[in-house]
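Quick notes on the structure that follows.
The values are calculated or read from the model by the stated rules, or taken from the named source; none is laboratory data. Just so you know, these numbers come straight off a predicted model, no measurement behind them. Note that we place each Cβ from the backbone using ideal geometry, even for glycine, and neighbour counts take in every protein chain shown.
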């Protein structure tokens, strides 16, 4: 699962810490003449949106964001973003190795019910990943931290588990920067919109 036009760099953590936002879905609701409604699920996967402007507290942070924005050419290139609300995958089974030679890392939400939701994890934080096959810990090098794919070539029939920290692949959702000079040495960008990227 590759994401086109992606820079493997992380948005400044101290600024993302103060951001707002989270995952969203796309559902069409049709009101019927009977008074009932029909709901159509348009997206199989959620797509997150964030506003990072709340994390900018100092001139130095604004300069850091400005540098980052220039280097990404606005909307042109994606990057990693730490969602401080949800960035840890506790040890979890991701499947049994089979004929494809790879398994995708994912995080399961509401795992103890039949309504669970599986979120693909593509941008794993290097140095945080652990992987097991049938309970035996293996080399973390089996996990591609850029795609979230686990190489299971020589482990057919074995159950894989993974634990890690992860980032969200995003891009700026604007091509224009709008910095306000609020006071001497005090600047703000009223909205720094970010939107999650999906692989093709």
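Results for (1) buried (at least 16 other Cβ atoms within 10 Å of the Cβ); (2) modelled with pLDDT under 95; (3) under 15 Å from residue 168 (Cα atoms); (4) touching a strand residue (DSSP E or B) at 6+ places or on another chain (Cβ under 6 Å), shown as yes or no for each residue.
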position: 13; (1), (2), (3), (4): no, yes, yes, no
position: 19; (1), (2), (3), (4): yes, yes, yes, yes
position: 61; (1), (2), (3), (4): yes, yes, no, no
position: 76; (1), (2), (3), (4): no, no, no, no
position: 107; (1), (2), (3), (4): yes, no, yes, yes
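No other residue among 162, 131 is in contact with a helix residue (DSSP H, G or I) (Cβ under 9 Å, 6 or more places away or on another chain), outside any loop (DSSP other than H, G, I, E, B) and modelled with pLDDT of 95 or more apart from 131. Answer with yes or no whether residue 48 is at pLDDT 95 or above, surrounded by 15 or more Cβ atoms within 10 Å (Cβ to Cβ) and either in contact with a helix residue (DSSP H, G or I) (Cβ under 9 Å, 6 or more places away or on another chain) or in a strand (DSSP E or B) (or both). Yes: the conditions hold for residue 48.
Each row is one residue, and each column tells you yes or no for (1) modelled with pLDDT under 95; (2) under 17 Å from residue 195 (Cβ atoms); (3) in contact with a strand residue (DSSP E or B) (Cβ under 8 Å, 6 or more places away or on another chain).
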site	(1), (2), (3)
42	no, yes, yes
54	yes, yes, yes
58	yes, no, no
66	yes, no, no
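When the residues of the stretch 51-69 are filtered to those that are in contact with a helix residue (DSSP H, G or I) (Cβ under 8 Å, 6 or more places away or on another chain) and in a loop (DSSP other than H, G, I, E, B), which remaining residue is farthest from residue 14 (Cα to Cα)? Taking the candidates together, the pick is 52.
Is it the case that the stretch 78-99 has a residue that's within 14 Å of the chain's Cα centre (by Cα), surrounded by fewer than 14 Cβ atoms within 10 Å (Cβ to Cβ) and outside any strand (DSSP E or B)? Before the answer, list the steps.
Step one: list which residues in the stretch 78-99 are within 14 Å of the chain's Cα centre (by Cα), which gives 78-89.
Subsequent filtering for residues that are surrounded by fewer than 14 Cβ atoms within 10 Å (Cβ to Cβ) retains 84-85, 88.
Next, only the ones that are outside any strand (DSSP E or B) stay: 84-85.
Among the residues of the stretch 78-99, at least one is within 14 Å of the chain's Cα centre (by Cα), surrounded by fewer than 14 Cβ atoms within 10 Å (Cβ to Cβ) and outside any strand (DSSP E or B), which makes the answer yes.
Is one or more of the residues making up the stretch 166-188 on the phi > 0 side of the Ramachandran plot and surrounded by 14 or more Cβ atoms within 10 Å (Cβ to Cβ)? Walk me through how you get there before you give the answer.
So in the stretch 166-188, the residues on the phi > 0 side of the Ramachandran plot come out as 185.
From what is left, the residues that are surrounded by 14 or more Cβ atoms within 10 Å (Cβ to Cβ) are none.
No, because not a single residue in the stretch 166-188 is on the phi > 0 side of the Ramachandran plot and surrounded by 14 or more Cβ atoms within 10 Å (Cβ to Cβ).
Scanning the stretch 112-126 for residues that are farther than 12 Å from residue 169 by Cβ, in contact with a strand residue (DSSP E or B) (Cβ under 8 Å, 6 or more places away or on another chain), touching a residue at least 12 places away in the same chain (Cβ under 8 Å) and not in a strand (DSSP E or B) turns up just one, 125. Residue 192 fails exactly one of the following numbered conditions: (1) surrounded by 15 or more Cβ atoms within 10 Å (Cβ to Cβ); (2) over 26 Å from residue 22 (Cβ atoms). What is the number of that condition? The number of the failed condition is (2).
Residue 156: in a loop (DSSP other than H, G, I, E, B), more than 14 Å from the chain's Cα centre (by Cα) and over 30 Å from residue 59 (Cβ atoms), yes or no? Even if it seems obvious, please write down each step before you answer.
Details: in a loop (DSSP other than H, G, I, E, B): yes; more than 14 Å from the chain's Cα centre (by Cα): yes; over 30 Å from residue 59 (Cβ atoms): yes.
For residue 156, the condition - in a loop (DSSP other than H, G, I, E, B), more than 14 Å from the chain's Cα centre (by Cα) and over 30 Å from residue 59 (Cβ atoms) - is met.
The one condition from (1) modelled with pLDDT of 85 or more; (2) outside any strand (DSSP E or B); (3) in contact with a helix residue (DSSP H, G or I) (Cβ under 8 Å, 6 or more places away or on another chain) that residue 190 does not meet is (1).
Looking at the structure I just gave you, is residue 150 under 29 Å from residue 43 (Cβ atoms), touching a helix residue (DSSP H, G or I) at 6+ places or on another chain (Cβ under 7 Å) and either modelled with pLDDT under 95 or assigned to a strand (DSSP E or B) (or both)?
On the way: under 29 Å from residue 43 (Cβ atoms): yes; touching a helix residue (DSSP H, G or I) at 6+ places or on another chain (Cβ under 7 Å): yes; either modelled with pLDDT under 95 or assigned to a strand (DSSP E or B) (or both): yes.
Against the criterion (under 29 Å from residue 43 (Cβ atoms), touching a helix residue (DSSP H, G or I) at 6+ places or on another chain (Cβ under 7 Å) and either modelled with pLDDT under 95 or assigned to a strand (DSSP E or B) (or both)), residue 150 qualifies.
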